[in-house]
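Here the structure comes first, spelled out in structure tokens, and everything after it is commentary.
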């Protein structure tokens, strides 16, 4: 058994149950493999809401005593800094998005592993000399971009050896539930996302909003029901009006998915997922695959999602249906709803075979040299 510290954002993403599940799945999956797992998060001037979110999630998942929130090397929640320094000296840091870079802690870890969940953004920032990538100082590099290194994927490797890892899901946390009687495609997300466009090889890749606009007429063309739990700014009210005019139902993610339990209930209360991806994930054939989609699949909810190149490495057509064009999306929606029960069974099986945390993280540990 090894001591592993997962570094990541929880309080920093307060109000997003889906983001919480990304970090929780790593923590709980590594725990199930028998490791002693800690969680460390850094934050700058936290609000009362952020502190409350951290406290609630940590308590709900039994992580008290193994979870710490720090600000400028001052511990806000959890063990004191001297204890954390001692823990680091005996630990491997699994640093999701390079979140932990504390001068008091980062150099003390026995090994430091970077886990990239924003492929294309991470590497382009690093290539441009921007600090947001936080790649420096790590010993190993993992990415969820299974296309990175292929001839048709222009994402630079930045002179680093990248290994791949899939988004893990702890199946006990995402049991099968009876699908709803009303069959609606849903998703949870942000209209623009947290990052701006990026340029790779003189080509600029747009945001999720630009991909969504390509499919804005889908509900009126396909005649199925679609709902978005969508964070959309008032400045984009023109887009929101167009969504509603094209028969999308738009709900507030702060109401339906603001914590892990609500997010899970929303996903499991859906019939299936429909979603597009960030332009850089699509345009680079990165193979990026959404952690949110993994949880739909684990719940036995089929997914109709924009192809980022994942169709080369994952089985598609049953349970998971990839699309690139409006025609693909329309036919994919029909395919899922016409034979829904078979697709629901296939969705769960796909999660078991390709994303189950025990399998995914056992392979990760083997590649990383964690025993």
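How high is the relative contact order of the chain, in percent, counting Cα pairs under 8 Å that sit 6 or more residues apart?
Reported relative contact order: 17 percent.
Give me the mean projected area, in nm² to one decimal, of the convex hull enclosing the Cα positions of region 172-354. Don't skip to the answer; put the middle values down first.
Numbers: hull surface 41.3 nm².
Averaged projected area of region 172-354's Cα convex hull equals 10.3 nm².
Can you give the extra length, in nm with one decimal, that the chain gains between residue 311 and residue 83 once fully stretched, where that is 0.36 nm per residue apart less the Cα-Cα distance? Intermediate values should be presented prior to the final figure.
Numbers: separation 228, 0.36 × 228 = 82.08 nm, distance 4.55 nm.
The residue 311-residue 83 span can extend by a further 77.5 nm.
Got a sec? How would 326, 1 order by Cβ neighbour count within 10 Å, fewest to most?
Working: 326 15, 1 9.
Final ranking by Cβ density, sparse to dense: 1, 326.
Can you figure out the FRET efficiency of residue 183 with residue 111, using R₀ = 35 Å and their beta-carbon distance, to the nearest 0.05? The partial results should precede the final answer.
Details: r = 47 Å, r/R0 = 1.35.
After rounding, the FRET efficiency stands at 0.15.
Using DSSP, restrict attention to beta bridges with both residues in the chain and report what percent are antiparallel, rounded to the nearest 5. All intermediate terms of the calculation are to be shown ahead of the outcome.
Numbers: 6 of 53 bridges.
Within the chain, antiparallel bridges account for around 10 percent of the total.
I'm spelling it out carefully: the read-out is mean projected area of the Cα convex hull in nm², the candidates are (i) 20.0; (ii) 18.8; (iii) 17.3, and one was derived from this structure. Which label?
Entry (iii).
Between residue 342 and residue 202, what length in nm is gained on full extension when 0.36 nm per residue of separation is reduced by their alpha carbon distance?
Values: separation 140, 0.36 × 140 = 50.40 nm, distance 4.39 nm.
Additional length available on full extension: 46.0 nm.
Could you tell me the relative contact order of region 172-354? Use alpha-carbon pairs under 8 Å, at least six residues apart, and round to a whole percent. Provide the component values of the computation, followed by the final result.
On the way: 323 pairs, mean separation 42.8, N = 183.
Computed over region 172-354, the figure is 23 percent.
Angle, helix 17-32 long axis vs. longest principal axis of the chain, Cα atoms, 0 to 90°, nearest 10?
The angle comes out near 50 degrees.
Taking other Cβ within 10 Å of each residue's Cβ, how do 174, 288 sort, fewest first?
On the way: 174 24, 288 27.
With the fewest neighbours first, 174, 288 line up as 174, 288.
How do 208, 178 rank when sorted from fewest to most other Cβ atoms within 10 Å of their own Cβ? Mind dumping the intermediate values first?
Values: 208 22, 178 7.
Fewest to most other Cβ atoms nearby, the residues stand as 178, 208.
What fraction of the DSSP beta bridges in region 172-354 is antiparallel, stated in percent and rounded to the nearest 5?
Details: 3 of 23 bridges.
Here the antiparallel bridges make up roughly 15 percent for region 172-354.
So if R0 is 35 Å, what FRET efficiency would residue 220 and residue 261 give, r being the distance between their Cβ atoms, rounded to the nearest 0.05? Show your work: numbers first, answer last.
Details: r = 34 Å, r/R0 = 0.96.
Calculated value: 0.55.
On a full-extension model of 0.36 nm per residue, what is the gain between residue 242 and residue 49, subtracting their alpha-carbon distance, rounded to one decimal in nm? Kindly include the intermediate steps, with their values, before the conclusion.
Numbers: separation 193, 0.36 × 193 = 69.48 nm, distance 3.24 nm.
Result: 66.2 nm gained on full extension.
Every number here is computed from the coordinates shown, using simple stated rules; none is lab data. Nothing here was measured: the structure is a model prediction, and the numbers come from that model. Here the Cβ is made from the backbone with ideal geometry for all residues, glycine too, and neighbour counts use every protein chain on show.
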